[in-house]
1. Tell me which residues, restricted to the stretch B:47-67, are surrounded by fewer than 17 Cβ atoms within 10 Å (Cβ to Cβ), among the β-branched types (Val, Ile, Thr) and either under 8 Å from the mean Cα position of the chain (by Cα) or assigned to a helix (DSSP H, G or I) (or both).
2. Scan A:VAL63, A:VAL101, A:VAL57, A:VAL44 and give me the residue that is β-branched (Val, Ile, Thr), assigned to a loop (DSSP other than H, G, I, E, B) and surrounded by 15 or more Cβ atoms within 10 Å (Cβ to Cβ).
3. In the stretch A:251-281, how many residues are away from chain B (no Cβ under 14 Å), without any contact (Cβ under 8 Å) to a residue 12 or more places away in the chain and in a helix (DSSP H, G or I)?
4. Given B:ILE54, B:ILE47, B:ILE7, which one is within 13 Å of chain A (Cβ to nearest Cβ), of a type outside the set (D, E, K, R), out of contact with any Leu (no Cβ under 9 Å at 6 or more places or on another chain) and touching a residue at least 12 places away in the same chain (Cβ under 8 Å)?
5. Among the residues that make up the stretch B:5-19, is at least one of them over 23 Å from A:GLN277 (Cβ atoms), part of a loop (DSSP other than H, G, I, E, B), of a type in the set (Ser, Thr, Tyr) and at pLDDT below 95?
6. Residues being more than 7 Å from every other protein chain (Cβ to nearest Cβ), more than 21 Å from A:MET283 (Cα to Cα) and part of a helix (DSSP H, G or I): count how many of those fall in the stretch B:29-39.
7. Checking A:ASN147 against (1) under 22 Å from the mean Cα position of the chain (by Cα); (2) surrounded by fewer than 22 Cβ atoms within 10 Å (Cβ to Cβ); (3) not aliphatic (A, V, I, L, M), only one condition comes out false. Which one?
8. State all residues of the stretch A:29-41 that are without any contact (Cβ under 8 Å) to a residue 40 or more places away in the chain, of a type outside the set (D, E, K, R) and either over 26 Å from A:ARG273 (Cα atoms) or surrounded by 14 or more Cβ atoms within 10 Å (Cβ to Cβ) (or both); if no residue qualifies, say none.
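The values are calculated or read from the model by the stated rules, or taken from the named source; none is laboratory data. Just so you know, these numbers come straight off a predicted model, no measurement behind them. FYI the Cβ positions are ideal-geometry reconstructions off the backbone, even for glycines, and counts take in every protein chain you see.
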Amino acid sequence: MNLIFGHRRIAGLLAVVPANERSFVDEMANFNFPPARSLKLKQVMGYDKHRIVDGPVCASDLVCFGMEHLFASGMLGRDDFDALIVVTQSPDYLMPPTSSVIQGRLGLKQDMFCLDINQGCAGFLIGLYQAFSLLEQPAVRQVVLINVDVLSRKTSSRDRNSYPLIGDAASIAIVERSEDGTPIHANLKMDGTRREVLMIPAGGLRLPSSPETAVLGDDGENNFRAKDNLRMDGTAVFNFVQVEVPPMIRDLLHTAQADMKDVDYFLFHQPNRFMLQKLADQMKVPYEKMPSNIVEHYGNSSGVTIPMAIVHNLRERLLAGSIHACLAGFGVGLTWSSMLMRLGPLDFCEMVNYK
Amino acid sequence: MPTIAEILKEIRPEFDFTASQDFVGEGMLDSYDIVTLVSDLDRAYGISISGLDIVPENFQNIASIQTLLQKYGKA
């Protein structure tokens, strides 16, 4: 599905990461693998440090911390926005929506559109599409788009497939109308037949959590996880990304009548360094135009990784000017989506530590 | 240049890779070992194995890895 928008911009970006930093080397003893084998994987995948919440910290805790920071620093007024979109796979509750939790905790006005979206690694783009659409309404002046996940709490620390790469984080993007009418081209595909490639099997109504679903079991590859934990079929995910993403980007550029060399940066979701470098090789994109350094510094925080890649790598450049950016997200659902847009100049572009 | 068998031995020294025809099926290589193997082959042979070729069928045994390398003008 091709999408097109105009007169929209991202005005500011804030990333929130837990101050608690853990290292792969320190956690290796949890995994049922010889250290030499784990160290080799560290080198290839880019595992080093990741930020994970310390204790029972929830999605709304990270977000409220970030929003209060924006209010206190004058980067956002408490009444400046009329819609609050929260994209998460790790909500505070099954009900009510986490957006309502955040609205209530922050004491925001009632004249507000609050919306939760259950999405993951493509969630920044999915959220932007919703934000762009909400701005069709004259009553909506600005949209606060939040991506947040605390999936370390749903991941087994004895699962080397998933735990080393997981990161917790939130991002807050301010989305508003723009004078610039340059078309924003996007495309989107979803395939629910592959929904079990990335899933948490228990905890919903299909399989409620119970003492049985909390029991750790060997997956046959020496990874121990329970049905309450995140399960990722690494081979299927890798294959999905390598097969679907390059043609998606080619289609996007074709639709936009743009060329690969016209793009300043390919700001993609950050699953791990190996997967991104293989994508870059396949697409013949220089590594410096496709950052792949978020997992090694913070971990993979699902829908937050694109904002993280922007804030970590391009802060100064985007405060001063703009770039022609190709964004792409791909993951749970399965869902894959890409967007070509002018990004910047931003009113703010910052990262803060949640303590 | 190390041989395929030597590269495999470095990743999983406990196995005799010359004696198996099904590395994945016999549990000698898991999905992350394949990632490590690809990285080592890329470096040893000066190539970049396409992500599209990183599927278990191409890493079943030494012969299938040789066939893969031939595609890149190696082995």
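1. Answer for the stretch B:47-67, where residues must be surrounded by fewer than 17 Cβ atoms within 10 Å (Cβ to Cβ), among the β-branched types (Val, Ile, Thr) and either under 8 Å from the mean Cα position of the chain (by Cα) or assigned to a helix (DSSP H, G or I) (or both): just B:THR67.
2. On the way: A:VAL63 fails: assigned to a loop (DSSP other than H, G, I, E, B); A:VAL101 fails: assigned to a loop (DSSP other than H, G, I, E, B); A:VAL44 fails: assigned to a loop (DSSP other than H, G, I, E, B).
None of the other options fit; the residue is A:VAL57.
3. Of the stretch A:251-281, the ones away from chain B (no Cβ under 14 Å) are A:251-267, A:269-270.
With the extra rule that they be without any contact (Cβ under 8 Å) to a residue 12 or more places away in the chain, the set shrinks to A:254, A:257, A:259, A:261.
Narrowing the set further to residues that are in a helix (DSSP H, G or I) leaves A:254, A:261.
Residues that pass the stated criteria total 2.
4. On the way: B:ILE47 fails: out of contact with any Leu (no Cβ under 9 Å at 6 or more places or on another chain); B:ILE7 fails: out of contact with any Leu (no Cβ under 9 Å at 6 or more places or on another chain).
Just a single option satisfies the conditions, and that option is B:ILE54.
5. If we filter the stretch B:5-19 for residues that are over 23 Å from A:GLN277 (Cβ atoms), which is where we start, we get B:5-6, B:9, B:12-19.
Applying the additional criterion that residues be part of a loop (DSSP other than H, G, I, E, B) yields B:12-16.
Among the residues that remain, those that are also of a type in the set (Ser, Thr, Tyr) are: none.
The answer is no; no qualifying residue exists.
6. Keep residues of the stretch B:29-39 that are more than 7 Å from every other protein chain (Cβ to nearest Cβ), which gives B:29, B:33-34, B:37-38.
Still in the list and also more than 21 Å from A:MET283 (Cα to Cα): B:29, B:33-34, B:37.
Next cut, part of a helix (DSSP H, G or I) only: B:33-34, B:37.
Counting residues in the stretch B:29-39 that are more than 7 Å from every other protein chain (Cβ to nearest Cβ), more than 21 Å from A:MET283 (Cα to Cα) and part of a helix (DSSP H, G or I) gives 3.
7. Only one criterion is unmet by A:ASN147, namely (2).
8. Filtering the stretch A:29-41 down to residues without any contact (Cβ under 8 Å) to a residue 40 or more places away in the chain leaves A:29, A:34-37, A:39-40.
Okay, now just the ones that are also of a type outside the set (D, E, K, R), so A:29, A:34-36, A:39.
Within the stretch A:29-41, just A:LEU39 meets the criteria.
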